[in-house]
Amino acid sequence: MADENILLDIRGLTKCYKGDAKALDDVSLNVRRGEFVTIIGASGAGKSTLLRCINRLIEPTSGSVVFDGREMTQLGKRDLRLARQRISMIFQHYNLVYRMTAIENVLHGRLGYKSTLAGALGLYSEDEKALAFKVLDQVGLADFAYKRTDQLSGGQKQRVGIARALVQEPLLMLCDEPIASLDPKSSRTVMERLRWVADELGIACLVNLHQVDFALEFSDRIVGLAKGRKVFEGTPDEVNEEVIHTVYGDVDIEGLPGDRMVPTIVQADVAGGAAGTSSTGVA
Amino acid sequence: MRARKLAVEGPASAKASTRLTGTNASLAATNAFFRKKTLVLLALVIGFFVINGVSGAFVDFDFVSAVVDIPAGIAWMAAEFMPTVDSLSKLESILPALGSTILASVASSCIAAVFAFVLAVLGSRTTGIGGPTSIIVRAIASIFRNIPVVAWALVLLFSFKQSEFTGFLALFLTSFGYLTRCFLETIDEMSTGPIEALRAAGATYFQIVVQCVMPMCVTSIISWVLYMIETNIRDATLVGILTGTGIGFVFDVYYKSFRYDVAGLTLVTIVLVVIACETLSNYIRRRIM
Ligand SMILES: Nc1ncnc2c1ncn2[C@@H]1O[C@H](COP(=O)(O)OP(=O)(O)O)[C@@H](O)[C@H]1O
Ligand SMILES: [Mg+2]
């Protein structure tokens, strides 16, 4: 039963960039369907590398990544493209084509499903267009469909990014520091949308985060990376100062001053409890 | 002017920094630093005048006689090449040639842009197909760009004789090299984020080029092509003299038959067209940016 529920199973994933030390060192991790897992870690810990090894934007050096029953690392070009249909990704810098409108950017999420020519010429079907408008509405941007994306605010851009991810009808959403460039208010909106994606649409989210307080509040499970190794895995209420210390080391990290630790943890207890129920709900 | 200002500034700021640090050692170091700067500047200025003197002597450029002779030369030229009412009657032979020159310039720029874009995409660091392609593309661009258009025209005359096509081809080849280089830089500087996003969504290479790379660099592409058209209209005149076509040929004919007034009128029309083209492309650039 547990097996069936596991959407993503990473075993012994290792990545060495040419001539450098290991950016990822024997990382194992799994994500259940509809689960919200956060990866925390200092800058350079290997969080982005981990996400990109899953959809093979970066080729892992060794290890296995099984997504929805398929071994990703063995796939040829054509099969990899098929597998990527169901794994979507959102980015810190949104990575939108700014000269194009919101709806055009959202429809880019469908390119993986289309023939090369139809996709290149932007010949989307009526169903695809309807779906694109639906997801734009879901992220609260129905009125901005025909607006050029360079005219949107940061939070709105990221929500276009989420819409582009949703239009893929994914099973898994990889989010690489989705709120690192946003103000606190937009950050909250975006995180709430992602949590909603996991809860209501049953799409698993694997999220890299810098902000521990957001991780504690929104996750079902938290994974700590340090220097390419997994040093922690547990529910938000298992995160204490010692864990933070193992993950981030001795250095004082930005956004986590000592005096804010206590209220954050207290807040986390509440969120952890709620998250606990939702994860049992899924299982 | 600027040199003297810097030299004066040197000791002054040295003094200021002494007040801050107050130690003799650092005073000596600062003084030595600024003295060295002043000496380098002085050496550059002297070097500049020496080079000027030597090369001026070599080409017989004498400042005094230049000041005396050049205005006289200009006055003579203006008198000879000044179009008269009579030369206006030749407009009907000038204008069609001008038209064909403009067309050749536009066509060569636009067709070169298509080829240059394909090559630039394949050879760019961000979208390239890897392997030695990048180096090969850069080498091709460099060769075509660095052979002057006149040299191309002379070489091509052997194979294609004096014809419209020879001129077009010469313009095309230099434009192609130049635009490839410009597009390469445009694409290299483009942010790679959106490409990564589309790749993650399963888009194919061709889809990424059309849906992402093209929209992202279309404005600078248009801008470069407009610039290329301007340049080509100017160059086409010279090429036309060699290939016996277009406005260059018309100018050549009138010039050699001592109709300097009509040749002057031809020049005026070229200048007007180039200015019009510049104005138009500035306008378009402002609109699309
Ligand atoms: N393309 C690359 N080439 C070489 N080293 C890289 C590359 N990308 C990342 N690294 C290195 O791998 C390590 C992990 O980087 P990254 O995954 O970006 O960390 P994070 O996202 O946690 O900040 C860092 O030490 C970084 O310098
Ligand atoms: Mg990162």
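The values are calculated or read from the model by the stated rules, or taken from the named source; none is laboratory data. In this text, all values refer to a predicted model and were calculated from it rather than measured experimentally. All Cβ positions, even for glycine, are placed from backbone atoms using ideal geometry, and neighbour counts span all protein chains on display. Heavy atoms of the whole protein, side chains included, go into the accessibility calculation; ligands, DNA and RNA do not. Shrake-Rupley method; radii C 1.70, N 1.55, O 1.52, S 1.80 Å.
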*asked:* Checking understanding here: applying a Kyte-Doolittle mean of at least -1.0 and a length along the axis of at least 30 Å (C-alpha), which whole DSSP H helices in chain A pass?
replied: A:258-282
*Can you give me the span-like helices of chain B, meaning DSSP H runs with 24 Å or more of Cα extent along the axis and Kyte-Doolittle mean at or above 0.5?*
B:24-58, B:63-81, B:91-123, B:164-189, B:214-243, B:260-288
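With N residues in the protein assembly as shown, what two-decimal value do you get for its Cα radius of gyration over 2.2 N^0.38 Å? Can you show the working numbers first?
Working: Rg = 33.1 Å, N = 572, 2.2 N^0.38 = 24.6 Å.
So the protein assembly as shown has a normalised radius of gyration of 1.35.
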*Loop-located trypsin sites (Lys or Arg not before Pro) in segment A:1-73, at most 12 other Cβ atoms within 10 Å (DSSP)*: A:18
_Filtered chymotrypsin sites (Phe, Trp or Tyr not before Pro), segment A:2-106: DSSP coil and at most 13 other beta carbons within 10 Å_ = A:17
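Return the FRET efficiency for the residue pair residue B:161, residue B:25: r is the Cβ-Cβ distance, R0 is 60 Å, and the value is rounded to the nearest 0.05. Numbers along the way, then the final one.
Working: r = 77 Å, r/R0 = 1.29.
Computed FRET efficiency for residue B:161 and residue B:25 comes out at 0.20.
Work out which trypsin sites (Lys or Arg not before Pro) in chain B are exposed loop sites (DSSP not H, G, I, E or B, at most 16 other Cβ within 10 Å) and give the longest gap free of them.
Details: sites that count: B:125, B:161, B:259.
Excluding the exposed sites themselves, the longest stretch runs over B:1-124.
Antiparallel versus total DSSP beta bridges in the protein assembly as shown: what percent is that, nearest 5? Could you put the intermediate results ahead of the total?
On the way: 20 of 38 bridges.
The antiparallel fraction comes to roughly 55 percent.
Considering only protein heavy atoms, what per residue accessible area in square angstrom results for segment A:99-167 with a 1.4 angstrom probe?
I get 40 Å² per residue for segment A:99-167.
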*Straight-line reach from residue B:36: which lysines have Cα under 29 Å away, leaving out those fewer than 8 places along the same chain?*
B:5, B:15
*Share of chain A's accessible area from carbon and sulfur, percent, 1.4 Å?*
50 percent
*Surface accessible to a 1.4 Å probe, per residue, for the residues of chain B, Å²*: 57 Å²
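Ignoring ligands, DNA and RNA, please state the percent of accessible area on segment B:87-288 from carbon and sulfur, probe 1.4 Å.
Numbers: 6590 of 9120 Å².
The computed percentage sits at 72.
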_With both bridge residues required to lie in chain A, what share of the DSSP beta bridges run antiparallel, to the nearest 5%?_
55 percent
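Report the full-extension gain for the segment residue B:89 to residue B:154: residue separation times 0.36 nm, less the Cα-Cα distance, to one decimal in nm.
Values: separation 65, 0.36 × 65 = 23.40 nm, distance 3.25 nm.
So the chain would gain 20.1 nm between residue B:89 and residue B:154.
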_Inter-centroid distance (Cα atoms) of segment A:119-162 relative to segment B:238-289, Å_ = 49 Å
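Using alpha carbons only, what's the Rg to Rh ratio of segment A:74-198 with Rh from Kirkwood?
Numbers: Rg = 14.1 Å, Rh = 14.7 Å.
Result for segment A:74-198 is an Rg/Rh of 0.96.
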*Per DSSP H run of at least 4 residues, take -39500 (n - 2.57); add these up for chain A, divide by its residues and hand me the 222 nm value, nearest 500 deg cm²/dmol.*
-12000 deg cm²/dmol
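How about segment A:172-221: which chymotrypsin sites (Phe, Trp or Tyr not before Pro) there lie in a loop by DSSP and see at most 14 other Cβ atoms within 10 Å?
On the way: sites: A:196, A:214, A:218; in loops: none.
Loop-located and lightly packed - none at all.
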*Take residue B:111, project a point 7 Å from its Cα along the Cβ direction, then tell me which residues of segment B:235-257 have their backbone nitrogen under 20 Å from it.*
B:235-249
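If I stretch the segment between residue A:146 and residue A:61 completely, what's the gain in nm (0.36 nm per residue apart, minus their alpha carbon distance), one decimal?
Details: separation 85, 0.36 × 85 = 30.60 nm, distance 4.25 nm.
Length gained between residue A:146 and residue A:61: 26.3 nm.
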*Along Cα→Cβ, 7 Å out, is where each label goes; now give me the distance between the ones at residue B:41 and residue B:214 in nm to one decimal.*
5.4 nm
*Give the interface area between chains A and B as buried accessible surface, both sides summed, probe 1.4 Å, in Å² to the nearest 100.*
2000 Å²
*From other protein chains only, count the Cβ atoms within 10 Å of every residue's Cβ in A:106-119, then give the mean.*
5
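Could you work out how much longer the chain between residue A:240 and residue A:26 gets when fully extended? Use 0.36 nm per residue separation minus the Cα distance between them, nm to one decimal. Write out the running numbers ahead of the final one.
Values: separation 214, 0.36 × 214 = 77.04 nm, distance 2.44 nm.
This chain segment gains 74.6 nm when fully extended.
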*Which residues' amide hydrogens lie under 5 Å from the amide hydrogen of residue A:100, considering only partners 5 or more residues apart or on another chain, with H built in the peptide plane?*
A:149
